[in-house]
Amino acid sequence: MMDFVFKKRFGQNFLTDKNLLRGICTDAQICKDDEVLEIGAGAGALTKELCEFSKRVVAIEIDQDLKPVLEKIGAKNLTLIFDDVLKIETVKIDDMFEKTFKLVANLPYYITSPIIFKFLRESKKVSSITIMVQKEVAQRMVAKSGSKDYGLLSVSCAFFGTPLILRNVSRKMFCPIPDVDSCVVGMKVERGKFDIDADFFYSITKACFKSRRKTILNNLVEEFKFNKNQLCLLPFDFTRRAEELGVNEFVSLAKLIANINEEGKSK
Ligand code: SAM
């Protein structure tokens, strides 16, 4: 580690405090039966703790320069993969685990949201997510409708569970010290919480948030070229803006639109 040069472009801010690292394992409720996926192993400080707490760890790290450092860990229950997590098909990651896995990570800040979306929407095996993210992202993940932080990320998280901020972490705990403070956010992933296809739900929600100034009617018409009059016949107040709608209302809206799509097909 002596002559390692931290790469800002990979969001490399490492943790060293043992109490904090153990605290993250406790936050994630890791036990000896668990298989864990760690994204961004860095110099392996969290990886080592995860190996101690769990049955098995798969750690993915993009930076090949960290190979010698990570290979030194030498834990029997550790599988190291040197690749970009976003370029690995999620089904291939799922296949690395026997049953379910817990995702635990101090995430690289520049791709936090794509990673969250990837696992929530695509993984069939992730059972919980416990991640260190920058404070602003944590606030967006847990935000409720009507607040300034509420958006597509909040609705997507609420669709799959109930994210909670489990701890605040000062920027001083990282090396090098970043410009922002962080939080650990945890959520159990509940698939099938709502009776609607997750991808369809996501496409509708995403369209509704496309332009925050516009009503959901205008956003939906622009994105899907729906007939405005046909939409207005549905029992839904389309004059509202996306940030006013809770996850249950988005589900109702998506179901109504799914019905008109079905009717259209059967004509
Ligand atoms: N887990 C370590 C810790 O807590 O000290 C390091 C965390 S650091 C915030 C994020 C790590 O993710 C870095 O080691 C970085 O190289 C890695 N990383 C960045 N982008 C990645 C990607 N697309 N796929 C896999 N790892 C990535």
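The values are calculated or read from the model by the stated rules, or taken from the named source; none is laboratory data. Small disclaimer: the values here were computed from a predicted structure and weren't measured. Neighbour counts run over all protein chains shown; Cβ positions are idealised from the backbone, glycine included. These area figures cover heavy atoms from the full protein model, side chains too; ligands, DNA and RNA do not enter into them. Shrake-Rupley method; radii C 1.70, N 1.55, O 1.52, S 1.80 Å.
Worth pointing out:
- Over the chain, dividing the summed -39,500 (n - 2.57) contributions of all DSSP H runs of at least 4 residues by the number of residues returns a 222 nm mean residue ellipticity of -11000 deg cm²/dmol.
- Among VAL189, SER211, PHE224 the positive-end extreme of the charge dipole of segment 154-227 (Cβ point charges): SER211
- Extended-chain gain in nm, criterion 0.36 nm per residue less alpha-carbon gap, PHE224 and ARG240: 4.0 nm
- Using a simple spin-label model with pseudo-atoms 7 Å out from Cα toward Cβ, ARG167 and ARG191 lie 3.0 nm apart.
- By accessible area, using a 1.4 Å probe on protein heavy atoms only, segment 165-267 has 50% of its surface on carbon and sulfur.
- Across LYS32/LYS125; LYS102/LYS135; LYS193/LYS214; LYS225/LYS255, pairs whose alpha-carbon gap is larger than 26 Å: LYS193/LYS214
- Separation between Cα centres of segment 13-34 and segment 39-78, rounded to whole Å: 13 Å
- Tilt relative to the chain, helix 247-266 - C-alpha long axis, 0 to 90 degrees, to 10: 60 degrees
- In nm, spacing of pseudo-spin labels at SER203 and ASP65 (7 Å Cα→C-beta vector): 4.2 nm
- Share of carbon and sulfur in the accessible heavy-atom surface of segment 62-110 [1.4 Å probe, %]: 51 percent
- Within the chain, longest stretch clear of exposed GluC sites (Glu not before Pro) (DSSP loop, no more than 16 other Cβ within 10 Å): 99-189
- Contact order for the chain, expressed relative to its length and based on alpha carbon pairs under 8 Å spaced 6+ residues apart, stands at 15 percent.
- Within the accessible area of segment 1-50, the carbon and sulfur atoms contribute 53%, probe 1.4 Å, all protein chains present.
- Label zone at MET96 (point 7 Å along Cα-to-Cβ), backbone N below 14 Å, segment 34-57: 35-42, 47, 51, 56-57
- Cα→Cβ-extended label distance, 7 Å offset, between ASN19 and ASN77, nm: 2.5 nm
- Residues ASP84 and ALA258, FRET efficiency given R0 of 45 Å [Cβ-Cβ distance, rounded to 0.05]: 0.85
- Based on Cα contacts under 8 Å between residues 6+ apart, segment 170-267 shows a relative contact order of 24 percent.
- Qualifying trypsin sites (Lys or Arg not before Pro) in segment 23-87, DSSP loop, other Cβ atoms within 10 Å at most 11: LYS32, LYS72, LYS76
- Computed over protein heavy atoms with a 1.4 Å probe, the accessible surface of the chain works out to 51 Å² per residue.
- Solvent exposure ordering (accessible area, 1.4 Å, most first) of ASP95, ASP181: ASP95, ASP181
- With a Förster radius of 35 Å applied to the beta-carbon distance between ASP181 and LEU233, the computed FRET efficiency rounds to 0.15.
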